[in-house]
Amino acid sequence: MPMNGEVDRRGLLKLAGGSLAALGLTAAGCGGSGSGDGTVTIRYAWWGSDDRAKRINRTIELFEEKYPKIKVKTDFQPYLDFWKKFNTQASGGNPPDVFQNAIGFLRKYDQRNVLLDLNAQAKAGNLRLDGFRAGLEKFGEVDGKLLGVPVGSNSMALVIDKPVFEKAGVTPKTGWTWDDFHTAMEKIRKQGRSGDSGLYGVMYLYDPYLRQRGKAFFTKDGLGFDEADLKEWWTKGYAGVKSGIYADPKKVAQIKPKSAVAAEIAASEFTWDNFTVRYTAEGKSEYGLAPLPTTDGKKTGQYLGSLMLSGSKRTQHPKEVAQFIDFMVHDPEVAKIMGYDRGVPTTTAQYEAYKPAEEKDKVIASVNKEIAAYEEQLVDAGVLETITPHPAGADVCEAAFLRIAEELALGERSVDEAVKQFFTECKTALGS
Amino acid sequence: MSSASRGLSADPAADPAADPAAAPAAGRVARRRRGAGSLAWHIGSLAVLGVVLYPVIWAIGGSFKPNESIVGSLDLFPTDPIVANYSGLADGIADISISTFFSNSLFLALGSVAGVLFSCSLAAYAFARIKFAGRNLLFALMIGTLLLPYHVLLIPQYVLFQKMGLINTYTPLLLGKYLAVDAFFVFLMVQFMRNLPKELDEAARLDGCGHLRIYWSIVLPLCRPALITSAIFTFINSWNDFMGPLIYLNDPSKYTVSLGLKMFVDQEGVANYGGMIAMSLIALLPVLAFFLAFQRYLIDGMATSGLKG
Amino acid sequence: MGGTMASPQAPVVPAAPEKPKPPRRTRLPEAVRRRRRGENIAGFLFMSPWLAGFLILTAGPMAASLYFAFTDYNLFDAPKWIGLDNFTEMFGDPRWRKSVEVTLWYVVVGTPLKLAAALGVALLLNQKRRGQAFYRAAFYAPSLIGASVSIAVVWKAIFSDDAIVDRTQRAIFGMDVGGWTGDPQWIIYSLIALTVWQFGAPMVIFLAGLKQVPRELYEAAEVDGAGTWRRFWNITLPMISPVLFFNVLLETIHSFQIFASAYIVGGGAGGNACGPADGSLVYTCYLYVQGFENSRMGLASAMAWMLLLAVALVTAVLFWSQKRWVHYEEGSR
């Protein structure tokens, strides 16, 4: 033992204590910065890849032209890395001033005091809430607070491999039922391809399914369904995997993050309508959109989802943040640049400014036309419901839902075990 | 262990040609034998190499395939090779030129190497050559830090750097390197220095040299292999580091290669696997160059440090 | 080399450290005491960068995480003391137990295979042949790119259904797994393959050790008529046992902390970050999920400390065992 071990240890403890004390304090926000001539810099963070980055950079150039006193610094990562980083930065008291957001995170980060209530800025005239399609301006509202403004809408759809569906003689029609869907999957299976990639794990499909039956996945503060509901859903799902109408989960897992549809493992997949763009780029076939199956021949239980822009409560420049969001959702030029990259533009002005037919790439043009038609038809049919902002912890539930469904499909758990495990995990997440 | 015994059957001692003083007649026979042995050895080595480098070859092949036939493709090489994955990189990623990523990574990697060489060698000298109070305790603590899972420290460290206003600078990524946080390298150098003959510093001491002189003029030059080994590993680690740059850097113009590589694939966007593979192969080149330039020291560095316990 | 080295004056700059306690033994000659004090001061001066780093970047955060281990902490609200609840929850959590299982399996299978591959190739390369440097570099290459994100794409391609590994396995063993990376039981072996593939680092260390083995020993053994295997077993292995120990120690510690490859290869977009049906749920991957995806830093810290204790225990056992099988040369420790 060294002779002055005591001194060492005491000094060490003192320093450790010091850094602990430092941790307890919350840091002052230092998101943006101002300089002498009134120029303000705001930080804008979002998730996406190379292509989205290039588009967003161009929209920011436009913004900076119009507001020469505001400089925008961007920061972006792929989806999972984005939230990892956002969480670290927000908890460290250093979130970006304005950032891309989604419905599942509104309550979570509101509860943690991260999100800026944009109502005050709307009242001050820095953020216009008129001109939105289909009541979308309400989408970011939680308990009377405006926590996000949608920049693009999308909706659940069945993305299909058109030639495979045609060959099997299947034409999905509006109002088709789950029984019709099942028959269709069997027909496709006979053609040698699995019908679907694994709908039993898609939370955003199970939610409309529940809504068709007067329930919902989430309520304001918890789960809107019980174990018996989930048991029924997963029993059917597992049977589908066994019979081969749903794709072999092993194969689906292997080709991730490429989609099973593009990889020709399954003929269709329930996902957001604007994902057709990605599938088209990834796969060799021709892809289209089909409506969700219904229970009563009418009600699909679906709603518009969206990407939003949110401000951070700690920003020192709420006005500039609001002006930025305003510009991004209303300016027609922005829509021309972004296309349907983040979903269909949410304001009428932007929706009309972008004409899919004008896309240079013919394939993209036709895919985008189909997306627009799909959403217009939803609005016209009046099937759209309003979405409830998910309770805090919903993101954890969603991940658990997908993971446990996969375990079930792989035969690692029985239906009963899977249901029990999901409820245990999800309740822990929602409770905390 | 089959390859183990194969390796030994031709160990240097048993190789007659290794003895330069062999008689000329025997030399001719030996040369012929060596030729056969050498051929077998090369065939063996190449076979193993083929297995080991298969993934790399696959990646090279993949980088010449069109994007949609990379994932799930079964062929090693494309039927119709394209160079679009490489030429596409010239446009940069997300409006950032490729050279920005590379120069950032290079700056960080070289900065890290300098830091590690400086700080770790100082600490190692103290552990190996100076008898100061508390040495054993500190040494044990240092070894203890080798066992730490990195994620536990992440959040407290982030808060610390944030308080110091160092987010979006390279300081959080470099500071630890200048403060000898990487215990492995200290350990490596300590092991090396311990094996240097004690008489060296005793002689220097008699000449009136202080520790600083001994460290700088005697120990450091003799430690070259250990220093180079540390330098290579540091360079590679820094080059491949993803988590640190992800969390600490906000400004895309400061991003490193490892962050850039992730920009090719996002679950919402169109994945560009071809570009990703092409860029990661290019990203491999500096590391490989650094390694090739110094690899002969690597063996020596490891030879005299990790080994003597 | 001088270019990258810091100036030799640097260590003098930091403030003088605390005075060390005077030695406990009484009344030493003044000269000896002065010498000792000088050594202490020099020691702390040389140590000062490390000390600063240790205190600021390691000990402080470590103490913080130890504290968090006993709290409910979501990163946003102040940590709330909950005693041992995190530990109770952890031990009762089937996913945690699964992660322990997966990690132990990974360590127990992966480490020996990797070291065997490293030693095997090192023996192959330990000869004076032309092109040795080339092979050495080529075999080392996987260690250089193992951590790259694109490896995920490559690995999935190689181990997927009907690709080379799958075909070989079917042809030779008649087993149809249908691709390793999608299978809950097999994905861990694709990770083990990935670590074994990166045998370059321990191989270099083995090579260095092999170079140190005196030739006379082999010559003497040959005179005694010892065969290849005997020579390996009786000379090579004991002579390189310190290197072997070093490699075993290092690789074991690394294996316990495996994260990047599991996260990259096992995780797809969304869904499970740690492989299908938790097939590659290695310990740090689960720790990461709890801490960063579920925002449960308290629980994650508790998990980290369990890992630390486990690794420390294994390290201690290895050190204890080295008396039995590691032969150090006379003269060294």
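The values are calculated or read from the model by the stated rules, or taken from the named source; none is laboratory data. What you are looking at is a predicted structure, and each value in this text was computed from that prediction instead of being measured. In this analysis, Cβ positions are derived from the backbone assuming ideal geometry, glycine residues included, and neighbour counts consider all displayed protein chains.
Scanning the stretch A:171-207 for residues that are β-branched (Val, Ile, Thr) and closer than 28 Å to residue A:230 by Cβ yields A:174, A:177, A:183, A:188, A:202.
Go through the stretch B:159-170 and give me each residue that's at negative phi and over 21 Å from the mean Cα position of the chain (by Cα).
Filtering the stretch B:159-170 down to residues at negative phi leaves B:159-164, B:166-167, B:169-170.
If the condition is that a residue be at negative phi and over 21 Å from the mean Cα position of the chain (by Cα), then B:159, B:160, B:161, B:162, B:163, B:164, B:166, B:167, B:169 are the ones that fit.
What number of residues in the stretch A:80-103 are under 22 Å from residue C:274 (Cβ atoms) and at pLDDT 85 or above?
Here is the first cut: in the stretch A:80-103, the residues under 22 Å from residue C:274 (Cβ atoms) are A:80-88.
Those still in the list that are at pLDDT 85 or above too: A:82-83, A:85-87.
Counting residues in the stretch A:80-103 that are under 22 Å from residue C:274 (Cβ atoms) and at pLDDT 85 or above gives 5.
Of all residues in the stretch C:211-239, those satisfying the criterion of being under 16 Å from residue C:327 (Cα atoms) and more than 8 Å from every other protein chain (Cβ to nearest Cβ) are C:213, C:214, C:217, C:233, C:234, C:235, C:237, C:238, C:239.
Checking the structure you have, find out if any residue of the stretch B:144-153 is surrounded by fewer than 21 Cβ atoms within 10 Å (Cβ to Cβ) and either among the acidic types (Asp, Glu) or more than 8 Å from chain C (Cβ to nearest Cβ) (or both). No; the residues of the stretch B:144-153 include none that is surrounded by fewer than 21 Cβ atoms within 10 Å (Cβ to Cβ) and either among the acidic types (Asp, Glu) or more than 8 Å from chain C (Cβ to nearest Cβ) (or both).
Considering only the stretch C:109-132, I want to know if a residue exists there that is polar (S, T, N, Q), in a helix (DSSP H, G or I), buried (at least 21 other Cβ atoms within 10 Å of the Cβ) and in contact with a Ser or Thr (Cβ under 9 Å, 6 or more places away or on another chain). Yes - at least one qualifying residue is present in the stretch C:109-132.
Scanning the stretch B:274-283 for residues that are within 7 Å of another protein chain (Cβ to nearest Cβ) and either surrounded by fewer than 23 Cβ atoms within 10 Å (Cβ to Cβ) or free of Cβ contacts under 8 Å to residues at least 40 places away in the same chain (or both) yields one hit, B:276.
Within the stretch A:184-195, being under 13 Å from residue A:290 (Cβ atoms) and either free of Cβ contacts under 8 Å to residues at least 60 places away in the same chain or part of a helix (DSSP H, G or I) (or both) holds for A:184, A:185, A:188. When residue A:92 is tested against (1) farther than 23 Å from residue A:332 by Cα; (2) out of contact with any Phe, Trp or Tyr (no Cβ under 6 Å at 6 or more places or on another chain), just one condition goes unmet, and that condition is (2). For the stretch B:235-253, residues that are surrounded by fewer than 23 Cβ atoms within 10 Å (Cβ to Cβ) and among the aromatic types (Phe, Trp, Tyr) total 1. Here the condition is being under 17 Å from the mean Cα position of the chain (by Cα) and facing chain B (nearest Cβ under 10 Å); of A:57, A:101, A:87, A:94, it holds for A:87 alone.
Residue check: is residue C:147 surrounded by fewer than 20 Cβ atoms within 10 Å (Cβ to Cβ), within 11 Å of another protein chain (Cβ to nearest Cβ) and among the aliphatic types (A, V, I, L, M)? Yes; evaluated as a whole, the condition is true for this residue. Screening residue A:314 against (1) surrounded by fewer than 20 Cβ atoms within 10 Å (Cβ to Cβ); (2) within 19 Å of residue A:90 (Cβ to Cβ) leaves a single unmet condition, (1). Restricting to the stretch B:63-78, name every residue that is at pLDDT below 80 and either assigned to a loop (DSSP other than H, G, I, E, B) or away from chain A (no Cβ under 14 Å) (or both). Selection gives B:70, B:71, B:72, B:73, B:74, B:75, B:76.
To keep it simple, each residue is scored yes or no on (1) charged (D, E, K, R); (2) within 24 Å of residue C:57 (Cβ to Cβ); (3) more than 9 Å from chain C (Cβ to nearest Cβ); (4) in contact (Cβ under 8 Å) with a residue 40 or more places away in the chain.
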position: B:93; (1), (2), (3), (4): no, no, yes, yes
position: B:134; (1), (2), (3), (4): no, yes, no, no
position: B:137; (1), (2), (3), (4): no, yes, yes, no
position: B:142; (1), (2), (3), (4): no, yes, no, yes
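Residues that are more than 10 Å from chain C (Cβ to nearest Cβ) and of a type in the set (Gly, Ala, Ser) within the stretch B:261-273 comprise just one, B:269.
What are the residues in the stretch B:95-131 that are touching a helix residue (DSSP H, G or I) at 6+ places or on another chain (Cβ under 7 Å) and within 14 Å of chain A (Cβ to nearest Cβ), if any? Passing the criteria: B:95, B:96, B:98, B:100, B:101, B:126, B:127, B:130, B:131. Scan the stretch C:272-295 for residues that are closer than 17 Å to residue C:92 by Cα, assigned to a loop (DSSP other than H, G, I, E, B) and within 12 Å of chain B (Cβ to nearest Cβ) and the total you get is 0. One residue alone among A:365, A:335, A:373 is farther than 19 Å from residue A:46 by Cα, touching a helix residue (DSSP H, G or I) at 6+ places or on another chain (Cβ under 7 Å), away from every other protein chain (no Cβ under 14 Å) and in a helix (DSSP H, G or I), and that residue is A:365. Could you tell me whether residue C:181 is part of a loop (DSSP other than H, G, I, E, B), among the β-branched types (Val, Ile, Thr) and within 26 Å of residue C:95 (Cβ to Cβ)? Taking the combined requirement at face value, the residue satisfies it. Would it be correct to say that residue C:193 is at the interface with another protein chain (Cβ under 10 Å from one of its Cβ atoms), under 30 Å from residue B:75 (Cα atoms), within 31 Å of the chain's Cα centre (by Cα) and free of Cβ contacts under 8 Å to residues at least 40 places away in the same chain? So residue C:193 passes the test. The number of residues in the stretch A:378-421 being farther than 19 Å from residue A:108 by Cβ and among the hydrophobic types (A, V, I, L, M, F, W, C) comes to 13. When residues in the stretch C:87-98 are screened for being touching a Leu at 6+ places or on another chain (Cβ under 6 Å) and modelled with pLDDT of 95 or more, 0 of them pass.
Every test in (1) facing chain A (nearest Cβ under 8 Å); (2) touching a Ser or Thr at 6+ places or on another chain (Cβ under 7 Å) is passed by residue C:69 save one, and that test is (1). Of the residues A:66, A:73, the single one that is modelled with pLDDT of 90 or more, touching a strand residue (DSSP E or B) at 6+ places or on another chain (Cβ under 7 Å) and not aromatic (Phe, Trp, Tyr) is A:73. Taking first residues from the stretch C:286-298 that are crowded, with 24+ Cβ neighbours inside 10 Å and partners that are among the hydroxyl-bearing types (Ser, Thr, Tyr), the Cβ contacts under 6 Å between residues at least 6 apart in sequence or on separate chains come to C:286/C:99; C:297/C:73; C:298/C:71; C:298/C:73. Would the stretch C:243-259 turn up any residue that is in contact with a helix residue (DSSP H, G or I) (Cβ under 6 Å, 6 or more places away or on another chain), modelled with pLDDT under 85, surrounded by fewer than 23 Cβ atoms within 10 Å (Cβ to Cβ) and within 14 Å of chain A (Cβ to nearest Cβ)? Yes, the conditions are met somewhere in the stretch C:243-259.
Counting only helices (runs of 4 or more DSSP H) that fall entirely inside the stretch B:91-188 and contain at least 2 residues that are of a type in the set (A, V, I, L, M), within 18 Å of residue B:242 (Cβ to Cβ) and at pLDDT below 90, the qualifying elements are B:150-163.
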